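The next block holds one structure in the form of structure tokens; read it before the comments.
The values are calculated or read from the model by the stated rules, or taken from the named source; none is laboratory data. The model shown is predicted, which means the values in this text are computed figures rather than measured ones. Backbone-built Cβ (ideal geometry, glycine too); neighbour counts: all protein chains shown. All accessible areas refer to the heavy atoms of the entire protein, side chains included, with ligands and DNA or RNA removed. Shrake-Rupley method; radii C 1.70, N 1.55, O 1.52, S 1.80 Å.
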Amino acid sequence: VFNAKTAELLSHHQVEIQQKFPKEGWVEQDPKEILKSVHECVEKACEKLQQLNIDITNIKAIGVSNQRETTVVWDKTTGEPLYNAIVWLDLRTQSTVERLLKRIPGKNKAFFKFRTGLPLSTYFSAVKLRWLLDNVEEIRQAVDDGRAMFGTIDSWLIWSLTGGKNGGVHCTDVTNASRTMLFNIHSLEWDPELCQFFDIPMEILPKVRSSSEIYGLMVPFLSLCANQKSGALTGVPISGCLGDQSAALVGQMCFQDGQAKNTYGTGCFLLCNTGQKSVFSEHGLLTTIAYKMGRDKPVCYALEGSVAIAGAVVCWLRDNLGIIKTSQEVEKLAAEVGTSYGCYFVPAFSGLYAPYWEPSARGIICGLTQFTNKKHIAFAALEAVCFQTREILDAMNKDCGIPLNQLQVDGGMTNNKVLMQLQSDILCIPVVKPSMPETTALGAAMAAGAAEGVGIWSLNPGDLTAVTCERFEPQINPEESEYRYARWKKAVMKSMDWETSEAASNGKPE
């Protein structure tokens, strides 16, 4: 919950959502658990406001931000999901991608790039939806009966929060639509030819709206407390909707051409605002919609570099290897050695995203000696996040022609000071972190508060509150940085072409 005048964070609550890995390369979440976590966060954040003696009737608008591409199909008559949500970094669709590629002249992954901004990849929603239609009988049946609704998580949440099966609003915004591979980023409409190519019925798609307008009003939901209805925010408009990376761009106030931010979450996402013109990358970046702040406002575009595994590598060290008990420990371990001692970690657990788009890559740790211990591996894991960001920044600088002179950062991992210093050292430019790292939530709040009919948040540059920041300056010499980066690139080459698609899709070697 933010103050619309000062952008100050007043109250917040967060709940970790369980990831399910039913098979090798599969990543799912329970859509009902996601919805329940939203209900819980709303209730707890409101309780915290009341403890601060702030009247919750002061809440004037609600914004939604979500992990993009994650795909869910539900039954509009029962309101129940028809399958778990398939998460953005899931790899089960590799064989679907290869089957679709055979239908494209020259098997060109970039065939739809000028229409969608995206390469054909396991990453985007259309391929996940195709897999669901091919493999889940219940979903096929619901489509045939006219009961099925498709959406990314924003659509599932808005539909559920505005009434669900009793008149819920089925919509999405342009930023989320631009990540489905079914959306024309110039006409801002679902593309009939793309829907035909993926064989997806257009009637299951949500209506596409701007990122800042009133979509519907919040209805009471069953409270967590003894089955009573929670009516605290009933009737409050839901009026902001941005995919998480767009929301962070807005929350970092990157409204000028050439301003960029990097978000360190599960993955890493570097977005550079290119204004009202869509710039197409020659170096493996995506062209995506940054935001459209109102029905009659212009659409703005961004160049984006996506890294699949960033914070997820720390969770892997914790949950799979058990070399740390909490995510915070990785910073302590890394700080104790201050170097990886020649050990390099390429966390290509879901293949490599930008700038390679190489689904056959797999994770490797190389350069090990008898001297290597868990502290070096922890350091190498943090360094991997920084090297992956450097690769994207290099591509971005080539595409934009104007090198970034500093990097604005946000997201959970930016609390790790060792990581932030390393990032500055490896990029050879300052890294600037706002003192309030929840910029994704802030961006969604700004879009909601600025919507027509709400109008409590001004987006005029002169009215935007200057944020207090922490700066990290490079502390090693550029030669050292270049040497380490060259070694990293060598490690990346070794991670390539590891997996064949047949093995990847069933988890066992042929």
Report task. Write down the accessible area per residue of the chain in Å², having rolled a 1.4 Å probe over the full set of protein chains. Result -> 41 Å²
Report task. Can you tell me the dipole magnitude for the chain around its Cα centre, using point charges on the Cβ only (Lys, Arg +1; Asp, Glu -1), in Debye to the nearest 20? Result -> 240 debye
**Report entry** Isotropic mean projected area of the C-alpha convex hull, the range 79-224 (nm²)
**Finding:** 9.5 nm²
**Report entry** Directionally averaged projected area (convex hull, Cα atoms, the range 325-412), nm²
**Finding:** 7.3 nm²
Report summary line: When the charge dipole of the chain is computed with +1 on Lys and Arg Cβ and -1 on Asp and Glu Cβ about the Cα centre, the Cα farthest towards its positive end, among PRO298, ILE17, ILE54, belongs to ILE17
Query - Flagged links, alpha-carbon separation over 20 Å, of LYS20/LYS375; LYS207/LYS297; LYS128/LYS292; LYS23/LYS107; LYS36/LYS292; LYS261/LYS433 - result: LYS20/LYS375; LYS128/LYS292; LYS23/LYS107; LYS36/LYS292
Query - Descending Cα extents along the principal axes, the chain, whole Å - result: 62, 54, 47
Report task. Give the distance, in whole Å, between the Cα centre of the range 127-202 and the Cα centre of the range 322-389. Result -> 37 Å
Query - With 5 Å bins from 0: P(r) over the range 122-164, alpha-carbon pairs, percent - result: 5, 20, 22, 24, 20, 7, 1
Report summary line: With +1 on the Cβ of every Lys and Arg and -1 on the Cβ of every Asp and Glu, the dipole magnitude of the range 19-243 about its Cα centre, in debye rounded to the nearest 20, is 480 debye
Query raised in the report: Over the chain, what relative contact order in percent results from Cα pairs under 8 Å that are six or more residues apart?
Result: 16 percent
Query raised in the report: Where both residues lie in the chain, what percent of DSSP beta bridges are antiparallel, nearest 5?
Result: 75 percent
Report task. Would you calculate, for the chain, the mean residue ellipticity at 222 nm contributed by helices, counting each DSSP H stretch of 4 or more residues as -39,500 (n - 2.57) and dividing by all residues, to the nearest 500? Result -> -10000 deg cm²/dmol
Query raised in the report: For the pair THR78 and ILE402, what calculated FRET efficiency results from E = 1/(1 + (r/R0)^6), where r is the Cβ-Cβ distance and R0 = 41 Å, to the nearest 0.05?
Result: 0.20
